Amino acid sequence: MPKLTLAEKLEILADGAKYDVSCASSGSSRRNKGGIGNGAQCGICHSWTADGRCVSLLKILLTNACIYDCAYCVNRRSNDTRRVILTPAEVAELTIGFYRRNAIEGLFLSTGVVKDPDHTMELLIEATRILREEHRFNGYIHVKVVPGADLLLVERLGRLADRVSVNMELPSRESLKLLAPDKSREAIVAPMKRVGELIVQTKEERKVSRKIPPFAPAGQSTQLIIGASGESDLQIVSLAAGLYGRLAMKRVYYSAFIPVNIDSRLPSVIGTPPLVREHRLYQADWLMRYYGFAAGELLDEERPNLDLTLDPKAGWALRNLHIFPLEVNRAPLELLLRVPGIGVRSAQRIAGARRGGHLSLDDLARLGVVMKRARYFVTARGRFAADLAPDAAGLRARLTERTTPRPRWNQPSLFDAAAAIDIQSTITGEL
C-alpha cells in the first residue's frame with residue numbers, strides 16, 4: 001500500500017474526529033508571551049467569544065487506530081478502515097501551518113488508543129510540548145485525556161493544555177459494560193477526579209504566587225452519548241449535576257447517537273438522530289448551571305424524561321403555578337430567574353433598574369424580557385400583562401414549541417472543493 005501524504009492523513013483524521021462534540025474555548029486566559037497565538041480570544045471548532053466573534057480550530061485525531069472495540073465508535077478495532085497516525089511533530093506542523101494562514105485559532109486534539117493508554121498519552125504530551133515550547137504557540141489547545149493512563153501523565157498534559165477532557169460517553173456502568181467492555185468506569189473517573197483536584201489546588205496556589213504555572217485554565221469537560229443506551233433523562237441530568245458539583249467540571253456535552261456501525265447491541269435508529277432530546281438536555285443543563293435549578297426540580301421518578309414539546313423551564317413553571325404571578329418590583333433574583341422569558345441578564349437588569357424606581361410592564365420589554373412568554377407569570381405595579389390568566393392546559397398550548405430542531409451546523413471539511421484555503425500549500429508552506 002503506498003505511503004500516505006500528510007494531506008491524505010489529515011483528511012482521514014479530521015473526518016474521524018467529527019463525532020466528538022466536547023469542545024469549547026470559553027474560560028481560558030492564556031496570553032501571548034512573545035510567541036504566536038492568543039488563548040484568551042481563540043476558539044475550538046466553532047465557538048463564539050464574548051464580543052460575538054465566531055472562531056475555529058483544527059480538530060483532528062492523533063490516530064484513528066485503537067485497541068478498543070466500542071460498539072458505537074467509528075474507529076473501533078473491528079472496523080475495516082485505513083489506519084493512520086501522525087507524529088507529534090506533524091501535529092505541530094499542521095497546527096502552525098493553518099494558524100499562520102489564519103485558517104484556525106486553536107487545536108482540538110483527540111485520539112484512538114494505540115499500544116496502551118500511557119504510550120498514547122506520551123504522544124499527546126509531546127505534540128503539545130512541541131507547540132508550546134518549540135513553536136511558542138500561545139493559542140488555545142484542548143487535548144483528550146486517555147482513560148487508564150498514569151495520573152502523572154495527566155498532570156503533565158494539564159500544564160501544557162488550556163483544557164483537557166475525558167469522555168465518559170455512556171451514562172452508566174451497565175451500558176459501558178455492554179457497549180464498551182474494554183473500558184471501566186474507574187479508569188474514566190480517576191483522571192477526572194485528579195484533574196478536578198489539580199484545578200482547585202492550582203487556583204489556590206496562584207492566589208499566593210502568580211509564578212505557579214496554570215493547570216488546564218479553561219477547565220475540563222466530558223461528553224455523553226444520548227440514545228445509544230437506555231438511560232432516562234433523569235439519570236443523565238443527575239449524573240451531569242454530580243460531575244459539576246464534585247469534579248469541578250466546566251462543561252458536559254451531549255451528543256445525539258448517530259449509528260455509524262451495524263451492531264446488535266446498538267438501538268435501531270430510524271430517521272434522524274434524537275436531536276430534540278439532545279436540545280432539551282442542553283436546556284436542562286443550562287438551568288442547573290446558571291439558573292439555580294436542581295436536577296430533582298426538573299425531573300423525578302414519575303417524570304424521568306424531559307418533555308420534547310416544552311422547554312424544561314416552562315415545564316417547571318406549569319407545575320408550580322401557585323408561585324405565580326411574581327411582582328417584578330419585589331420578587332428576589334432567584335425567583336425572577338425561574339420565570340419563562342426572563343434570562344440571566346434580563347433578571348439582573350430588573351434587579352438593578354428597580355433600585356431607581358418601580359418598573360412598569362413597558363420597562364420589562366426594554367430590559368430584554370420576552371413578554372410573549374413572561375406575560376403570564378409576572379405583574380408590574382400590580383398590573384397583569386395578560387388579558388386573562390389561562391389555566392395550565394391553556395398555558396401549555398401557548399408555550400409549546402415546535403418539535404423540529406433547527407438543522408445542526410455542519411463541521412466544515414478542510415477538503416471541500418469550495419474551501420477558501422489551499423490545503424496542500426498550507427501543509428508545505430508554499431504560496
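The values are calculated or read from the model by the stated rules, or taken from the named source; none is laboratory data. Note that the coordinates shown come from a computational prediction; the quantities given were computed from them, not determined experimentally. Here the Cβ is made from the backbone with ideal geometry for all residues, glycine too, and neighbour counts use every protein chain on show. For the accessible areas, the whole protein counts, side chains as well, though only heavy atoms, and no ligand, DNA or RNA atoms are used. Shrake-Rupley method; radii C 1.70, N 1.55, O 1.52, S 1.80 Å.
Separation of region 69-129 and region 143-204 by C-alpha centroid, Å?
Using only Cα atoms to place each centre, the spacing works out to 17 Å.
What does the extension gain come out to for ARG246 and GLU297, with contour length at 0.36 nm per residue minus their alpha carbon separation? Spell out each step's value before the answer.
Details: separation 51, 0.36 × 51 = 18.36 nm, distance 1.92 nm.
Length difference between fully extended and current span is 16.4 nm.
Starting with the highest mean, order 288-297, 236-245, 257-266 by the number of other Cβ atoms within 10 Å, averaged over the residues of each peptide. Don't skip to the answer; put the middle values down first.
Values: 288-297: 16.0, 236-245: 19.7, 257-266: 13.6.
Answer by packing, highest mean first, reads 236-245, 288-297, 257-266.
Show which lysines lie in cross-link reach of LYS177 when reach means a straight Cα distance below 26 angstrom and same-chain residues fewer than eight apart are skipped.
Counting by Cα, and skipping residues close in sequence, LYS177 has these lysines nearby: LYS18, LYS115, LYS144, LYS193.
At 1.4 Å probe size, what's the solvent-accessible area of MET249? Round to the nearest 10 Å².
The accessible area of MET249 comes to roughly 10 Å².
With N set to the residue count of region 149-200, report its C-alpha Rg divided by 2.2 N^0.38 Å to two decimal places.
Values: Rg = 12.2 Å, N = 52, 2.2 N^0.38 = 9.9 Å.
Scaled against compact globular proteins, the figure is 1.24.
Gain in length, GLU186 to ASN79, computed as 0.36 nm per residue apart minus the alpha-carbon separation, to one decimal in nm?
So the chain would gain 35.9 nm between GLU186 and ASN79.
Could you work out how far apart the two model spin labels at GLN348 and ARG381 are, taking each label as a point 7 Å from the Cα in the direction of the beta carbon, and quote it in nm?
With each label point 7 Å from Cα toward Cβ, the separation is 2.8 nm.
I need the calculated FRET efficiency for the pair ARG319 and ARG398, taking r as the beta carbon distance and R₀ as 22 Å, to the nearest 0.05. Could the numbers behind the result be given before it?
On the way: r = 16 Å, r/R0 = 0.73.
Efficiency, from the Cβ-Cβ distance: 0.85.
Scattering from the C-alpha atoms of region 92-216 alone, worked out with Debye: what is log10 I(q)/I(0) at q = 0.09, 0.11, 0.13, 0.18 1/Å?
The computed values of log10 I(q)/I(0) come out as -0.29, -0.43, -0.59, -0.99.
Using mean Cβ contacts within 10 Å as the protection proxy, how do 104-117, 273-286, 175-188 order, highest first? Write out the running numbers ahead of the final one.
Working: 104-117: 22.9, 273-286: 19.6, 175-188: 16.6.
Packing order, densest peptide first, comes out as 104-117, 273-286, 175-188.
Select from region 303-380 those trypsin sites (Lys or Arg not before Pro) which occupy a DSSP coil region and have at most 15 other Cβ atoms within 10 Å, ordered by residue number.
Taking region 303-380 and a limit of 15 other Cβ atoms within 10 Å, the loop trypsin sites (Lys or Arg not before Pro) found are ARG330.
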